[in-house]
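Worksheet: the structure to be examined is printed underneath.
The values are calculated or read from the model by the stated rules, or taken from the named source; none is laboratory data. Computed from a predicted model, the values in this text were never measured in an experiment. Quick reminder, even Gly has a Cβ in these numbers, built from the backbone with ideal geometry, and neighbours come from all protein chains shown.
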Ligand SMILES: [Zn+2]
């Protein structure tokens, strides 16, 4: 088998008869070429060289993302509603987590990154279902808008912190629990205000401000720091 390379990096080659054209992909810094069976290796090499600038750019971007991603094998604190919880890992057969005031104990099989991430995700999602849910219901009942809210859901989304539909369903990205409490409260005020105004009109922002007077500061915080709230 011919080994394809680009600047000493091995390239994964996937041949398929279904393909009509050559495609170039980069996933987690692994370059992959997909091509029909009949395309010669020399042609693939030419194609890869014609995409050099793109490859350099994408690989640099991905390298940056990887260094920004916290590594829990070295990271021993996690942000949680404005606090830093000390993470302790207890290795054994028992799986799960327990939180105390300033501490989160993870019961884990091993210290493998994906396994630890899975437990942490479960911790944040479980807390979100309690904290965000209750805060939202409290606010909605203060405003006497119970009839407007139909459902609250939790998801980890890439680009959005919250969402509200015309049918009154609010959705939160549970990673928001990594933010300070006033930022969390701002997000809730924002989504709840959409129950009345399904837009970002002046009336909408007036509603947000009436609920959460420091909304401008917290909104800015989220804009500036939202990208750091990652697991
Ligand atoms: Zn909005």
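Couple of notes before you dig in:
- Filtering segment 96-105 for residues that are in contact with a helix residue (DSSP H, G or I) (Cβ under 6 Å, 6 or more places away or on another chain) and closer than 29 Å to residue 177 by Cβ leaves a non-empty set.
One line per residue, one yes/no per condition, for (1) surrounded by fewer than 16 Cβ atoms within 10 Å (Cβ to Cβ); (2) touching a strand residue (DSSP E or B) at 6+ places or on another chain (Cβ under 7 Å):
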{"position": "147", "(1), (2)": "yes, no"}
{"position": "151", "(1), (2)": "yes, yes"}
{"position": "162", "(1), (2)": "no, yes"}
{"position": "202", "(1), (2)": "yes, no"}
{"position": "218", "(1), (2)": "no, no"}
{"position": "221", "(1), (2)": "no, no"}
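- Selection count where residues are surrounded by 12 or more Cβ atoms within 10 Å (Cβ to Cβ) and at pLDDT 85 or above, scope segment 1-22: 6
- Residue list for segment 199-220, restricted to those being outside any helix (DSSP H, G or I) and more than 9 Å from the ligand (Cβ to nearest atom): 201, 212, 213, 214
- Pairs meeting the criteria (first residue in segment 193-207 and in the same structural domain as residue 169 (by TED's automatic domain parsing), second residue more than 8 Å from the ligand (Cβ to nearest atom) and assigned to a loop (DSSP other than H, G, I, E, B), beta carbons under 7 Å, at least 6 apart or on different chains) are 195/145; 195/149; 195/168; 198/166; 203/197; 204/197; 207/196; 207/197.
- Check on residue 120, more than 20 Å from residue 188 (Cβ to Cβ) and assigned by TED's automatic domain parsing to the domain that holds residue 173: yes
- Per-region count, segment 137-181, residues within 16 Å of the ligand (Cβ to nearest atom), assigned to a strand (DSSP E or B) and touching a residue at least 24 places away in the same chain (Cβ under 8 Å): 5
- Among the residues listed as 189, 166, 179, the single one being assigned by TED's automatic domain parsing to the domain that holds residue 136 and exposed (fewer than 13 other Cβ atoms within 10 Å of the Cβ): 166
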